[in-house]
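> Starting off with a structure, shown below.
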2 protein chains.
Amino acid sequence: MNGAESLLQSLIDAGVEVCFANPGTSEMQMVAAIDKLPGMRPILGLFEGVVTGAADGYGRMADKPAATLLHLGSGFTNGMANLHNAKRALSPIVNIVGDHATFHLPLDAPLTSDVPGLAALASDWVRVCESPQSMAKDGAEAVCAALEGRQASLIVPANHAWSEGGNTAKPLPNPRPKQVATPDIAAAAEALLNGETTCLFLGGKALREHGLLLASRIAAVTGARLISEVFPARIQRGRGRPAIERLPYLGEVASEFLKNFTHMVTVGAKPPVSFFAYPNKPSTLWAEGCIVCPLAPQSCDEILALEALAAYLDAPKVTDSEESVLPKIMEGPMSAETVNAVIANLLPKNAIVSDESITSGISSYGYYNGSAPHDWLTLTGGAIGQGLPVAVGAAVACPERKVINLQADGSAMYTNQALWTMVRENLDVCVVIFNNSSYAILNVELARVGVKNPGERAKSMLDLSNPGLSWTRIAEGLGMKGTRATTTEAFKTQFEKAMATKGPRLIEVVL
Amino acid sequence: MNGAESLLQSLIDAGVEVCFANPGTSEMQMVAAIDKLPGMRPILGLFEGVVTGAADGYGRMADKPAATLLHLGSGFTNGMANLHNAKRALSPIVNIVGDHATFHLPLDAPLTSDVPGLAALASDWVRVCESPQSMAKDGAEAVCAALEGRQASLIVPANHAWSEGGNTAKPLPNPRPKQVATPDIAAAAEALLNGETTCLFLGGKALREHGLLLASRIAAVTGARLISEVFPARIQRGRGRPAIERLPYLGEVASEFLKNFTHMVTVGAKPPVSFFAYPNKPSTLWAEGCIVCPLAPQSCDEILALEALAAYLDAPKVTDSEESVLPKIMEGPMSAETVNAVIANLLPKNAIVSDESITSGISSYGYYNGSAPHDWLTLTGGAIGQGLPVAVGAAVACPERKVINLQADGSAMYTNQALWTMVRENLDVCVVIFNNSSYAILNVELARVGVKNPGERAKSMLDLSNPGLSWTRIAEGLGMKGTRATTTEAFKTQFEKAMATKGPRLIEVVL
């Protein structure tokens, strides 16, 4: 077998089932291998940001990696924004990046770039295949690295892919979760028991149902408040699950929110810092003098840490948790809030929400605490253009679950090509586009830097209304059915219909 | 003035008039400065690949830089594919890339990445502003670097942009073109005069009208054939200008084309190498034993080199050049060729053609030798998604000239957002989309790696027909008028109308 076949078989043997792909000439051997060997489902994205974002969504929901197939440095850079988000989400991903043949590289052909250099800026684990003989082992180790929460990029020179000499490699054993040291558990317990105002600041797998149940047991015996990071990779929410406060997005609001806490124990999250810096505002968000106690940094297992802490504290099971209430479906003019209230009420059980609604969602986040149990995925790294592709990947990982994408219009433009893949793969995704004809968040930010009355030139860089975007038309162009809603009632009817039928669908909310 | 205002004024003073922009929070000070100070036209792109590709097109046509305004590392990576193309085109560009405040960077906030590291992989000149005081000078030097054909990236930490202390800087004198050394001229002349089969292999500014006239004088006295690189940044073609052969794209065809040349003098182009490597095929395209004589490498001025060579050879002016003929407008079923024949006949004088038609254009390239004089811009770096944005930039640089974008469908998807900017700025661009529902070039390449009967999985990675893309609908969604043509006659009517009226328009050629 040639190197490409050897690598592909190794990925399949290690449990990789899906390859999100946008190949070019230098990856044709990988395409031929996928064609020849059974076991890998290729899914085409019409832009690499779709491919990498889909792999992120898949990784968050499947807890195992999909592969991506990317074309040289330029294909890789097109996918880097969503690889950035995926890295922040600690999503398992194995990028397979083609490169020129080793003898071709020094000639500096037009598409030549420093692929290993690029990969090193995006991924935690980077390797260039050295021969067809190495590729099976390279593939197995890449999967292992991905399962450890490190984004893996394997660079495949074309000549190694096409040359004979490939062999097979046994999949490596799954990496073992790392335990937190006992003294750290004791220190965290002490911080929470000190009788002052304390919180558990949670991220990563601490936000899965089991982690939240453990956290709420700890909260019950210590009085700690439970707070989630602003943009978690995946949080399990809804009726019957412990509701948890979310740290506010804007730095000064977050500082205010955190100002009374004397002790903060972080689990699976970094101590909170402001998304951006501003003049004369602090970048770290905890109060001066607050003792921050990182219990499970991102290299340790959050669930093991919470289990150990709950055991140390002898925290009993919590039987009665307060039931969250659903928002009323509101009458009157449509707004992002009225639409979110409808969705919160109608959310099907086990739905997956890919949330990139930015200003159209932030104030309605709490509405969903009372919804049917669901998973919620957010913009971990802040690189916009994530919501649609992550919905693709989540739907591929969980074909039996309804995926709802709450999507800002400006951000959707970056990876609008994802709609096409939803149709091609007949994914059960309902895209709700909040069309407010603006980079609304930037209008807020412009005011925050002191521009009170922006002129035409400033407004022209933040406004999307000239010409207006028609998302139903864009969707139609990409093969997807779409409807427009200009009233809450119309939205409700359209959304009900979308929930009652399977398959891709778009609803444009005209704000 | 603050740092942002100081930098902006410096760019304006150095002659930068246009800023293609996709700003975020960390660039709000630059937005405020553009709003406040007169002299910079901001043009919004709804994705950074549009922004950088537009700057490339602008640079190619204006021979001076536009600025780009990009949001942190993720914004920069979204623009890197077209920055790669721009670098290969030696287009003058000044990227202004925001970064976190210097005190915020070590906190590793969600959007943090290694912006200088990324910029170093894309650009030839990279600087991080060190203080508000340095920014005017930084801007002046960035413009100077860009005018030397080096892509400049200036990274602006937010706190330097918002802090007071900015000053002004005198624009630097324009860089002086570098002369080729006299012995090299003599060596080139000797190579061409040796009486064997010789060629001048031309790229860069050697392909402007003046360069081609000089080259044809040299050809007349030496018998050298004139050959252009496969993907020139800008070639001036059409009636009354010397027609020049184009090196074929496919390596083995190019090798065959070049096999009889004993001497090759390159001017403004690297010695030709294959775009990709293939098993058992040479990567360098000149014949074994051919003496390659690089006259003006890309750091020297091509026109000065050709002038010196023509003078050395005492080459007289060429008065009669053979007139190229236009292709007949063909009857019968529509094809890429019949469409190109129509366009070649109807091309307005001084049109600019942004050509990313890939398989739909390659065989018709010669049709345009007999068209009205025009400029032709191609996919210099091979990173697809260039054609639409380059058309944007060319139209901004040359508002009095008609821009025609010959565009492959698969490539258009990468930067479809460019259509919106064409409408917003009311640019005089006619986009001709060749919709063949396929990555057609990749079907060729798959066959070339030996896959004779691709199966479903391989085909699914190359085919765009399920669902089919409707470019008129996509255009409509982005605010642009579009029509579909399914016969050559219908195309001709639509194209005639587009040429007779100003403003953005799309014609979808359904192949």
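The values are calculated or read from the model by the stated rules, or taken from the named source; none is laboratory data. A quick note: this is a predicted structure, and the numbers were derived from the prediction, not measured. Every residue, glycine as well, gets a Cβ built from its backbone with ideal geometry; the counts of neighbours run over all protein chains shown. Heads up: the accessible areas ignore ligands, DNA and RNA and are worked out on the full protein's heavy atoms, side chains in. Shrake-Rupley method; radii C 1.70, N 1.55, O 1.52, S 1.80 Å.
> Mind listing just one residue for me: the one in the stretch A:472-483 that is among the small types (Gly, Ala, Ser) and more than 7 Å from every other protein chain (Cβ to nearest Cβ) and, of those, nearest to B:Ser470 (Cα to Cα)?
Per the criteria, the residue is A:Ala475.
> Could you list, in sequence order, all residues of the stretch B:90-121 that are small (Gly, Ala, Ser), farther than 14 Å from B:His71 by Cβ and open to solvent by less than 10 Å² (accessible area, probe 1.4 Å)?
Hits for the stretch B:90-121 are B:Ser91, B:Ala101.
> Looking only at the stretch B:212-236, which residues are more than 16 Å from B:Glu307 (Cα to Cα), open to solvent by 20 Å² or more (accessible area, probe 1.4 Å) and in contact with a Lys or Arg (Cβ under 7 Å, 6 or more places away or on another chain)?
Residues satisfying the conditions are B:Val230, B:Arg234, B:Gln236.
> When the stretch B:367-389 is examined, which residues are found to be more than 14 Å from every other protein chain (Cβ to nearest Cβ) and within 20 Å of A:Gly49 (Cβ to Cβ)?
The one that is more than 14 Å from every other protein chain (Cβ to nearest Cβ) and within 20 Å of A:Gly49 (Cβ to Cβ): B:Gly387.
> Here is a follow-up. Scan the stretch B:473-487 residue by residue and report those that are surrounded by fewer than 22 Cβ atoms within 10 Å (Cβ to Cβ) and either among the aromatic types (Phe, Trp, Tyr) or assigned to a helix (DSSP H, G or I) (or both).
Answer for the stretch B:473-487, where residues must be surrounded by fewer than 22 Cβ atoms within 10 Å (Cβ to Cβ) and either among the aromatic types (Phe, Trp, Tyr) or assigned to a helix (DSSP H, G or I) (or both): B:Arg473, B:Glu476.
> State whether the residues of the stretch A:453-471 include one that is modelled with pLDDT of 95 or more, more than 7 Å from chain B (Cβ to nearest Cβ), within 26 Å of B:Asn416 (Cβ to Cβ) and surrounded by fewer than 18 Cβ atoms within 10 Å (Cβ to Cβ).
The answer is no, given that none of the residues of the stretch A:453-471 is modelled with pLDDT of 95 or more, more than 7 Å from chain B (Cβ to nearest Cβ), within 26 Å of B:Asn416 (Cβ to Cβ) and surrounded by fewer than 18 Cβ atoms within 10 Å (Cβ to Cβ).
> Also, I was wondering about something else. Within the stretch A:218-270, which strands (runs of 3 or more DSSP E) (wholly inside it) include 1 or more residues that are under 19 Å from A:Asp355 (Cα atoms)?
Result: A:225-228, A:235-237.
> If you don't mind, there's one more thing I want to ask. Failed condition for A:Leu105, given (1) more than 23 Å from the chain's Cα centre (by Cα); (2) within 24 Å of A:Ser299 (Cβ to Cβ), with all others met?
(2)
> Are any residues in the stretch B:1-22 part of a loop (DSSP other than H, G, I, E, B) and open to solvent by 10 Å² or more (accessible area, probe 1.4 Å), and if so, which ones?
B:Met1, B:Ala14, B:Gly15, B:Glu17
> For the stretch B:284-312, give me each residue that is open to solvent by less than 10 Å² (accessible area, probe 1.4 Å) and small (Gly, Ala, Ser).
Answer for the stretch B:284-312, where residues must be open to solvent by less than 10 Å² (accessible area, probe 1.4 Å) and small (Gly, Ala, Ser): B:Ala296, B:Ala305, B:Ala310.
> Take the stretch A:379-400 and flag every residue that is closer than 18 Å to A:Met413 by Cβ and of a type in the set (S, T, N, Q).
Of everything in the stretch A:379-400, just one residue is closer than 18 Å to A:Met413 by Cβ and of a type in the set (S, T, N, Q), namely A:Gln386.
> Still on this structure, I have one more. Could you tell me whether B:Lys497 is free of Cβ contacts under 8 Å to residues at least 24 places away in the same chain, over 30 Å from A:Thr25 (Cβ atoms) and open to solvent by 60 Å² or more (accessible area, probe 1.4 Å)?
Spelling it out, B:Lys497 is indeed free of Cβ contacts under 8 Å to residues at least 24 places away in the same chain, over 30 Å from A:Thr25 (Cβ atoms) and open to solvent by 60 Å² or more (accessible area, probe 1.4 Å).
> Scan the stretch B:417-425 and tell me whether some residue there is open to solvent by 10 Å² or more (accessible area, probe 1.4 Å), in contact (Cβ under 8 Å) with a residue 12 or more places away in the chain and farther than 25 Å from A:Leu469 by Cβ.
no
> Quick check on my filter: what residues within the stretch A:44-78 are part of a loop (DSSP other than H, G, I, E, B), touching a residue at least 60 places away in the same chain (Cβ under 8 Å) and either within 12 Å of chain B (Cβ to nearest Cβ) or buried (at least 24 other Cβ atoms within 10 Å of the Cβ) (or both)?
A:Gly45, A:Leu46, A:Phe47, A:Pro65
> Which of the residues spanning the stretch B:443-452 are among the hydrophobic types (A, V, I, L, M, F, W, C), assigned to a helix (DSSP H, G or I) and within 7 Å of another protein chain (Cβ to nearest Cβ)?
Residue satisfying the conditions is B:Leu446 alone.
> What are the residues in the stretch A:102-122 that are at the interface with chain B (Cβ under 7 Å from one of its Cβ atoms) and not charged (D, E, K, R), if any?
Matches in the stretch A:102-122: A:Phe103, A:His104, A:Leu107, A:Ala109, A:Pro110, A:Leu111, A:Ser113, A:Gly117, A:Leu118, A:Leu121.
> So, in the stretch B:171-209, of the ones that are of a type in the set (Lys, Arg) and at pLDDT below 90, which residue ends up surrounded by the most Cβ atoms within 10 Å (Cβ to Cβ)?
Among them, the one singled out is B:Lys178.
> If I ask for residues that are under 29 Å from A:Ala277 (Cα atoms), touching a residue at least 40 places away in the same chain (Cβ under 8 Å) and either in contact with a Pro (Cβ under 9 Å, 6 or more places away or on another chain) or within 14 Å of chain B (Cβ to nearest Cβ) (or both), which ones from the stretch A:229-257 would you list?
A:Glu229, A:Val230, A:Phe231, A:Pro232, A:Ala233, A:Arg246, A:Leu247, A:Tyr249 - these are the residues of the stretch A:229-257 that are under 29 Å from A:Ala277 (Cα atoms), touching a residue at least 40 places away in the same chain (Cβ under 8 Å) and either in contact with a Pro (Cβ under 9 Å, 6 or more places away or on another chain) or within 14 Å of chain B (Cβ to nearest Cβ) (or both).
> What pairs come out if I take residues in the stretch B:380-408 that are charged (D, E, K, R) and pair them with residues that are in a loop (DSSP other than H, G, I, E, B) whose C-beta lies under 6 Å away, six or more apart or interchain?
B:Arg401/B:Asn350; B:Lys402/B:Pro348; B:Lys402/B:Asp428
Quick grid of which residues meet (1) open to solvent by 10 Å² or more (accessible area, probe 1.4 Å); (2) of a type in the set (S, T, N, Q):
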site	(1), (2)
A:Ser363	yes, yes
A:Pro373	yes, no
A:Gln386	no, yes
A:Pro389	no, no
A:Ala394	no, no
A:Ala397	yes, no
A:Asp409	no, no
A:Ser437	yes, yes
A:Glu445	no, no
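> Next question, about the same structure. For A:Glu337, only one of the following conditions fails: (1) over 24 Å from A:Arg217 (Cβ atoms); (2) assigned to a loop (DSSP other than H, G, I, E, B); (3) open to solvent by 40 Å² or more (accessible area, probe 1.4 Å). What is its number?
With (1) over 24 Å from A:Arg217 (Cβ atoms); (2) assigned to a loop (DSSP other than H, G, I, E, B); (3) open to solvent by 40 Å² or more (accessible area, probe 1.4 Å) applied to A:Glu337, the lone miss is (2).
> A further question on this structure: For a quick check of your reading of the model, give me the residue pairs whose first member lies in the stretch B:347-369 and is under 26 Å from B:Glu400 (Cβ atoms), whose second is of a type in the set (S, T, N, Q) and at pLDDT 95 or above, with beta-carbon atoms closer than 6 Å and at least 6 apart or on different chains.
B:Leu347/B:Ser371; B:Ser354/B:Asn405; B:Asp355/B:Thr378; B:Glu356/B:Gln386; B:Glu356/B:Gln407; B:Glu356/B:Ser411; B:Tyr367/B:Asn340
> Then there's this: In this structure, does B:Gly39 turn out to be touching a residue at least 24 places away in the same chain (Cβ under 8 Å), more than 8 Å from chain A (Cβ to nearest Cβ), open to solvent by 10 Å² or more (accessible area, probe 1.4 Å) and not in a helix (DSSP H, G or I)?
Here the answer is yes, as B:Gly39 does meet what is asked.
> Okay, moving on. Looking at (1) within 13 Å of another protein chain (Cβ to nearest Cβ); (2) in contact (Cβ under 8 Å) with a residue 24 or more places away in the chain; (3) open to solvent by 70 Å² or more (accessible area, probe 1.4 Å), which one does A:Glu130 not meet, given that it meets all the others?
Status for A:Glu130: all satisfied but (1).
> Name the single residue that is nearest to the other protein chains (Cβ to nearest Cβ) among those in the stretch B:271-316 being in contact (Cβ under 8 Å) with a residue 24 or more places away in the chain, part of a helix (DSSP H, G or I) and among the small types (Gly, Ala, Ser).
B:Ala305
> Among the residues of the stretch B:117-141, write down those that are touching a helix residue (DSSP H, G or I) at 6+ places or on another chain (Cβ under 8 Å), in a helix (DSSP H, G or I) and of a type in the set (A, V, I, L, M, F, W, C).
B:Leu118, B:Ala119, B:Leu121, B:Ala122, B:Met135, B:Ala136, B:Ala140
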